[in-house]
Amino acid sequence: MTDSTTSQNANLNEQTPTATEAENPAVTENTMVVLETTEGTIKLELFNSTMPITAGNFLKLVEDEFYNGVIFHRVIPNFMVQGGDPTGTGMGGPGYKIKDEFTTNNKNERGTISMANAGPNTGGSQFFINVVNNNFLDSKHPVFGKVVEGMEIVDKIVAVETDGADRPIEEVRIEKAYKVTTPE
């Protein structure tokens, strides 16, 4: 992303991605994660098998309750909704950066979730959900999952009133993020 996200992780100490990779070994089956937001519930399927670094990092942050209480700080109609910054400014992150990973099927299509970054290998915790096909972002922002339930909630979020910096006037918050451990 650009603008407010361009400086994401700019002041964070850079670590090699091996620490994150070691904590998040490749998983062969996809994982489901639920985001309970102030606007409703969104269920995501993470692409663990094809995106082990990015999906594994997101899942670890979910399991660590990192996203609980975090706002969607950037909302742009006909583009995307962005969250995952614990400071709510568009400049925060988890304190480390992860290595980018891309596949030939890595497409920023409507309903996919991608890692926000300030350039190559600078992702951390910020993510965005595409509300339209944004294929110009392919090979720039790794797609690591998709919305499987609740796209109408994402559409509701992208329709909220925002200020001149694309920040919602009334906060839209992830109240709780968690891994689905039993069939629903």
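The values are calculated or read from the model by the stated rules, or taken from the named source; none is laboratory data. This one's a predicted model, so the numbers in the text were calculated from it and none came from an experiment. Using ideal geometry, Cβ is built from the backbone for each residue, glycine included, and neighbour counts are taken over all protein chains shown.
Kindly indicate whether PHE128 is assigned to a loop (DSSP other than H, G, I, E, B) and of a type outside the set (A, V, I, L, M). The answer is no for PHE128. Every test in (1) of a type in the set (D, E, K, R); (2) surrounded by 14 or more Cβ atoms within 10 Å (Cβ to Cβ); (3) closer than 17 Å to ASN48 by Cα is passed by LYS179 save one, and that test is (2). Here GLY145 meets the list (1) surrounded by fewer than 21 Cβ atoms within 10 Å (Cβ to Cβ); (2) out of contact with any Gly (no Cβ under 9 Å at 6 or more places or on another chain) almost entirely, failing just condition (1). A residue that is assigned to a loop (DSSP other than H, G, I, E, B), at pLDDT 95 or above, buried (at least 20 other Cβ atoms within 10 Å of the Cβ) and not polar (S, T, N, Q) cannot be found anywhere in the range 21-38.
When the criteria are applied in full, GLY88 fails the requirement of being of a type outside the set (A, V, I, L, M) and crowded, with 22+ Cβ neighbours inside 10 Å. Please go through the range 49-94 and pick out each residue that is aliphatic (A, V, I, L, M) and either without any contact (Cβ under 8 Å) to a residue 24 or more places away in the chain or not in a helix (DSSP H, G or I) (or both). MET51, VAL70, ILE71, VAL75, ILE76, MET80, VAL81, MET91 - these are the residues of the range 49-94 that are aliphatic (A, V, I, L, M) and either without any contact (Cβ under 8 Å) to a residue 24 or more places away in the chain or not in a helix (DSSP H, G or I) (or both).
Only one entry in GLU152, GLU170 is over 16 Å from LEU44 (Cβ atoms) and either modelled with pLDDT of 95 or more or assigned to a strand (DSSP E or B) (or both), namely GLU170. Note on the range 148-176: among residues that are small (Gly, Ala, Ser) and closer than 22 Å to SER125 by Cβ, the one that is surrounded by the most Cβ atoms within 10 Å (Cβ to Cβ) is GLY150.
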